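Every read-out reported here was derived from the displayed coordinates using simple, explicitly stated rules and does not represent laboratory data. The shown structure was predicted, so the numbers you read here are calculated from the model rather than taken from an experiment. When we count neighbours, we look across all protein chains shown, and the Cβ atoms used for this are built from the backbone with ideal geometry, even at glycine.
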Amino acid sequence: MAYTLGELARRFDCRLSGGGDDRTITGVASLDTAGPDDITFLANPKLRVQLAGTLAAAVILDSESEAHRNGPCLVTANPYASFVRVAELLHPEAPVQPGIHPGAVIASSAVVAESARVDAGCVIGESARIGERAWIGPGCVIGEQSAIGADSRLHARVTVYPRVRVGERTRIHAGVVLGADGFGLVREEEGWLRVPHLGGLRIGDDVDIGANTTIDRGTLEDTVIGNGVKLDNLIQIAHNVIVGDHTVMAACVGIAGSTRVGERCLIGGRANLFGHITIGDDATIAATSAVTRSVPPGGYVSSVIGAQEAGRWRRTAARVHRIEELASRIRALEQRMDENNGGREE
Amino acid sequence: MAYTLGELARRFDCRLSGGGDDRTITGVASLDTAGPDDITFLANPKLRVQLAGTLAAAVILDSESEAHRNGPCLVTANPYASFVRVAELLHPEAPVQPGIHPGAVIASSAVVAESARVDAGCVIGESARIGERAWIGPGCVIGEQSAIGADSRLHARVTVYPRVRVGERTRIHAGVVLGADGFGLVREEEGWLRVPHLGGLRIGDDVDIGANTTIDRGTLEDTVIGNGVKLDNLIQIAHNVIVGDHTVMAACVGIAGSTRVGERCLIGGRANLFGHITIGDDATIAATSAVTRSVPPGGYVSSVIGAQEAGRWRRTAARVHRIEELASRIRALEQRMDENNGGREE
Amino acid sequence: MAYTLGELARRFDCRLSGGGDDRTITGVASLDTAGPDDITFLANPKLRVQLAGTLAAAVILDSESEAHRNGPCLVTANPYASFVRVAELLHPEAPVQPGIHPGAVIASSAVVAESARVDAGCVIGESARIGERAWIGPGCVIGEQSAIGADSRLHARVTVYPRVRVGERTRIHAGVVLGADGFGLVREEEGWLRVPHLGGLRIGDDVDIGANTTIDRGTLEDTVIGNGVKLDNLIQIAHNVIVGDHTVMAACVGIAGSTRVGERCLIGGRANLFGHITIGDDATIAATSAVTRSVPPGGYVSSVIGAQEAGRWRRTAARVHRIEELASRIRALEQRMDENNGGREE
């Protein structure tokens, strides 16, 4: 694919500055690796020092950075978003090649759209439905009565248990497990009774799910992942959880059962949300934090403890373990001080 | 499936109260979603306020909650357990349909019971054994000389390495990896020498293992998971670990090498157990805790730090990092106080 | 396999002591489980008390432990390394049996070496290359244009996305996902724009990767895992990360995007490295630590908080949350002390 800078400017509604209207662009790259046929971008003002050295044909940047660029640039309010759109134009994903691989095993009552693609090694259960232009990658297993929406893509080896619904334009990476039984147990005299999971799992439209993430089905009702939710790799979402639209979670997040997460929340990597709590809309949770209580809408909570030099940390941690002793000593000092002062006042 | 309330009472040894002996029950649901043909339950006294509004035909509850229910109910000591049993009766799992899918690849010396089922895409190695009524889901890989016990079920895409033994009535969810080599390394001048893992892995009877969990084989002896152990998703159990009967671990727990976990322990989600320690029987470990030392039988340990408002937490964490400075200032105050008092006493 | 003690001594350059030159050795075991045909080892001086009781034919140990052994032993500077070499000799891995299983699906332009092995259920994409003596286990998916180096082994159900390069003698365990798209998002007015991942992933020679670990491809450049790197299970490595040669990471480590990890680092289990930081060569990171800033070469950092008895911990954690109050009280005491002393001095 190749476009002139002028075409890119018009197509993505950027202002072309510094000339180069007819310059041909064939690729995208970062500031320091771009060659003379590449376009690059500057979103972080700290990287302005790299502008002078870049070999890129053009730079996408905002009007505040424009003056720092000596050469062709596309000026726009959100340079990274425009760069992404240019990248998609120059490096488009191949369209889905329809067809069912002869090595796939499709139940007789399953319905696969004509325009869909099912790769080798897939196993698709009774009454399952695969939507228009959906792409089921190699080795995926789709359970009975589950449905994959139009234009969704499952990469390799995704497992979808029975009665799971996946929306449209949703992308699911390799190794993901959707709709396994939740972890419900009842204690009995001898051991544990497993709680049957009669609920399902609903995944919205435009969702991304990263590699080896697991999302369990509900106990009596459904587990629900809203539209536009973006999940990174190795995330665990337990039974009966509800995640609101456009919420984003970085890798290794864990959410315990029956917790509700609002819309447009930002949840940092390795954060752990306890069960039966509510995270309000637009809340932010710092990476590695343990969220033991509900968070109000718009709230921003954290319990990150950054590492420090290990010898010093050993003393710090030992002192934290005995923090009550510090508190006692302060109390004792306060009493002595009061007595002394009282004594003097007399 | 449909049963009268009277039949359910007799079958599960509950006392029928509030009439409705002939009422037909066809489903189970929660208090707030149950319809007029459903049975529901009340285990948490806080939910008693929902009793008045439920449309359920009957409620399973204990004698203390009985007076709060105006209508048919089944009275029993453990309402949730009885509810689970009713749910299993009304929504039974389909019995295993025996047979080996023609797309499965079975080594000539492998032995699959007549009553077992092996789905499409499975690969079963030499001398492996699949027990009576066991169900090996699509895409599973069973290594040489491994054995799956009677009535066990492997969901899709489970990997069982060679020489792993899985007991009876054990259920293993999709993506689980059993018996990979442990992480054993010997430092050498240039790089690392990988330690061969000659031990095996034994999984007991009535075990549950959640999606994408990994359990490594032992170095020289076996890694062992006892009977009735229940493991949630994305758990990591390292080489040479021994887990006692009926112990329960929530999602994302990690256990380092050679640690021994007792019987009937409760291990909260994301807890991390260091290597070469011993957790006594009936111990409890709070979610997200780092267990660096052994825990005595019946012990209950924690190092959870719940998140607080992020700005406040930033100051808190910074102060924690300098907690030794607080301790020094307290010590200085104590000395000054002693000197002052000493001075006055003279 | 069987060797005499004398042969083992000569082959691995150990000094035979205590006789037994002609003694036949057929197996390896630990000190307490070894039988009379086994060889064992002693690396940890604390276990010397077990020397008297071992039934092993011989013990591999260092010269400091030699005097504690009454019987045949092989004396060497690094007993564990020698033991590992003996174990590999006595229990060698079977050589790779070349051949492509008829149930594998190989694209017409893919190149599989004559000496390589591809198991049932594999799907290998266009222009992929499988090197000499490489072994692709059952159910693996190798994307277009990806390459697996000579003598490397992929265990069952590994997913390799397109344009990923894996080096030689590298071992990848079941369920691993290599080269999925990184988690790159641009916020837009309504929801999120997914950043295309045009970079690749390069894995070096002699790397080990544990079960269900995920390593994402880069955004514009490659994610890179150096030679000799050893990764345990369930690790997450995000896009654009660079890991230096011979670095070791225990299970459940998470590394956020664009972080650079040096050579020969030791990263403990469940450690979490934030994005865009640099870990110097030879650094050590304690298990479960959150690394929020760069670490200098040779540095050793930690933020582990070990669990304590839960009731006591509850008070500790509550006090930590109010640590600023302690600081304020200390400040107040200091002021009062200064005023008192000032008063007295006047």
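Once both labels are modelled 7 Å past Cα along the beta-carbon direction, what's the A:Glu190-B:Ala332 spacing in nm?
6.6
For chain A, with only Lys/Arg (+1) and Asp/Glu (-1) charged at the beta-carbon, what is the dipole magnitude about the Cα centre, in debye rounded to 20? List each step's numbers first, then the result.
On the way: 35 positive and 42 negative charges, 132 e Å.
Roughly 640 debye, rounded to the nearest 20.
Which distances, in nm and shortest first, link the B:Gly35 label point to the same label point in every other copy, taking 7 Å along Cα→Cβ?
6.5, 6.5
Using the Cα gyration tensor of the protein assembly as shown, with a ≥ b ≥ c the square roots of its eigenvalues, what is the shape: rounded (a/c below 1.5), prolate (a/b larger than b/c) or oblate (neither)? Walk me through the intermediate numbers first.
Working: a/c = 1.10, a/b = 1.10, b/c = 1.00.
In terms of gyration-tensor shape, rounded.
May I ask you to list the residues of segment C:97-125 whose amide nitrogen lies under 18 Å from a point 7 Å from Cα along the Cα→beta-carbon direction of B:Glu126?
C:97-102, C:117-120
Just tell me how shielded C:76-87 is by partners: mean number of partner chain Cβ atoms within 10 Å of each residue's Cβ, no decimals.
Working: counts 0, 0, 5, 1, 6, 6, 1, 3, 9, 3, 0, 6.
That works out to 3 on average.
Select from C:Ile39, C:Ile267, C:Ile237 the residue whose mean-square fluctuation is largest in a Gaussian network model of chain C (Cα-Cα springs shorter than 10 Å).
Of C:Ile39, C:Ile267, C:Ile237, the Gaussian network model singles out C:Ile39 as fluctuating most.
Take every residue in peptide A:163-175, count the Cβ atoms of other chains within 10 Å of its Cβ, and give the average of those counts.
Across the residues of A:163-175, the mean count of other-chain Cβ atoms within 10 Å is 3.
Do you know the relative contact order of segment A:50-155, to the nearest whole percent, from alpha carbon pairs under 8 angstrom that are 6+ apart?
On the way: 215 pairs, mean separation 17.5, N = 106.
That works out to 17 percent.
Helix-derived [θ] at 222 nm for chain C: sum -39500 (n - 2.57) over DSSP H runs of at least 4, divide by residue count, nearest 500?
Numbers: 5 runs with 58 residues, N = 346.
Helix contribution divided over all residues of chain C: -5000 deg cm²/dmol.
Among B:Gly199, B:Phe183, B:Gln236, pick out the residue whose Cα is farthest towards the positive end of the charge dipole of segment B:171-264, where Lys and Arg carry +1 and Asp and Glu carry -1 on C-beta, about the Cα centre.
B:Gln236
What is the local net charge at B:Ile172, summed over the other residues whose Cβ is closer than 9 Å to its Cβ (Lys, Arg +1; Asp, Glu -1)? Could you put the intermediate results ahead of the total?
Values: positive: B:Arg153, B:Arg171; negative: B:Asp208.
Neighbour charge sum, excluding B:Ile172 itself: +1.
Across the residues of A:258-270, average count of Cβ atoms on other protein chains within 10 Å? Write down the numbers at each step before the final one.
On the way: counts 0, 0, 0, 0, 0, 0, 3, 0, 1, 0, 3, 12, 12.
Taking all residues of A:258-270 together, the mean is 2.
Relative contact order for segment B:167-325 using alpha-carbon pairs under 8 Å, separation at least 6, rounded to a whole percent?
Values: 463 pairs, mean separation 21.1, N = 159.
The value is 13 percent.
Please give the charge dipole size of the protein assembly as shown, origin at the Cα centre, charges +1 on K and R Cβ atoms and -1 on D and E Cβ atoms. Round to the nearest 20 debye.
Numbers: 105 positive and 126 negative charges, 163 e Å.
Using only the charged Cβ atoms, the result is roughly 780 debye.
How far, in nm to one decimal, is B:Arg10 from itself in the other copies if the label point is set 7 angstrom along Cα toward Cβ? Shortest first, please.
Label-point distances to the other copies, shortest first: 8.4, 8.4 nm.
Is any residue of segment A:29-51 close enough, with backbone N under 18 Å, to a label point placed 7 angstrom from the Cα of A:Asp22 along the Cα-Cβ axis, and if so, which?
Counting backbone N atoms under 18 Å from the label point, the list is A:37.
Between the label point of C:Asp22 and that of the same position in each other copy, find the distances and list them shortest first in nm, with every label point placed 7 Å from Cα along the Cα-to-C-beta direction.
Reported distances to equivalent positions: 9.4, 9.4 nm.
Whole angstrom only: what separates the Cα centroid of segment A:1-51 from the Cα centroid of segment B:107-181?
Spelled out, the Cα-based centre of one part sits 55 Å from the other.
With unit charges on the beta carbon (Lys/Arg positive, Asp/Glu negative), name the residue among A:Gly280, A:Gly19, A:Gly257 whose Cα is farthest towards the positive pole of the charge dipole of chain A.
A:Gly257
Mind running the shape call on chain C? Use the C-alpha gyration tensor, a ≥ b ≥ c as the square roots of the eigenvalues: rounded below 1.5 for a/c, prolate if a/b tops b/c, oblate otherwise. Show your work: numbers first, answer last.
Working: a/c = 2.89, a/b = 1.17, b/c = 2.48.
It comes out oblate by the Cα gyration axes.
Using DSSP to call loops (not H, G, I, E or B), can you name the GluC sites (Glu not before Pro) in segment A:151-246 whose Cβ has at most 13 other Cβ atoms within 10 angstrom? If you can, show how the numbers build up before the last one.
Working: sites: A:Glu168, A:Glu188, A:Glu189, A:Glu190, A:Glu221; in loops: A:Glu168, A:Glu188, A:Glu189, A:Glu190, A:Glu221.
Filter output for segment A:151-246: A:Glu188, A:Glu189, A:Glu190.
Determine, from the Cβ-Cβ distance of B:Glu114 and C:Glu325 and an R0 of 60 Å, the FRET efficiency 1/(1 + (r/R0)^6), rounded to the nearest 0.05. Please list the in-between numbers first.
Details: r = 71 Å, r/R0 = 1.19.
Plugging the Cβ-Cβ distance into 1/(1 + (r/R0)^6) gives 0.25.
Projected onto the charge dipole of segment A:1-151 (+1 at Lys/Arg Cβ, -1 at Asp/Glu Cβ, origin at the Cα centre), which of A:Leu5, A:Ser146, A:Leu90 gives the Cα projection farthest towards the positive end?
Of the candidates, A:Leu5 comes out farthest on the positive side.
Go through segment A:197-207 residue by residue and turn each phi into a ³J(HN,Hα) via Karplus (6.51, -1.76, 1.60, θ = phi - 60°); whole Hz please, and just put x for glycine and proline.
Working through the residues one at a time gives 10, 8, x, x, 9, 10, 10, x, 8, 6, 8 Hz.
Tabulate in residue order the Karplus-calculated ³J(HN,Hα) for segment C:38-45, using 6.51 cos²θ - 1.76 cosθ + 1.60 with θ = phi - 60°, rounded to whole Hz; enter x for Gly and Pro.
So the J values, rounded to whole Hz, are 9, 10, 10, 8, 10, 10, 9, x.
For segment B:122-199, give the magnitude of the charge dipole about the Cα centre (Cβ charges: +1 Lys/Arg, -1 Asp/Glu; no others), in debye to the nearest 20.
Working: 10 positive and 9 negative charges, 92 e Å.
It works out to roughly 440 debye.
Restricting to segment A:149-289, compute how many DSSP beta bridges are antiparallel as a %, nearest 5. Don't skip to the answer; put the middle values down first.
Numbers: 3 of 38 bridges.
Here the antiparallel bridges make up roughly 10 percent for segment A:149-289.
Alpha carbon centre of segment A:259-301 versus segment C:247-297: separation in Å?
Here the answer is 25 Å between Cα centres.
Please give the peptides C:282-293, A:104-115 ranked by average Cβ packing (other Cβ atoms within 10 Å per residue), highest first, as a rough proxy for protection.
Working: C:282-293: 22.6, A:104-115: 15.7.
For the peptides C:282-293, A:104-115, the packing ranking is C:282-293, A:104-115.
May I ask you to order C:92-103, A:327-338, A:121-132 by the average number of other C-beta atoms within 10 Å around their residues, highest value first? Can you show the working numbers first?
Numbers: C:92-103: 12.2, A:327-338: 15.5, A:121-132: 22.7.
Those peptides, ordered most packed to least, come out A:121-132, A:327-338, C:92-103.
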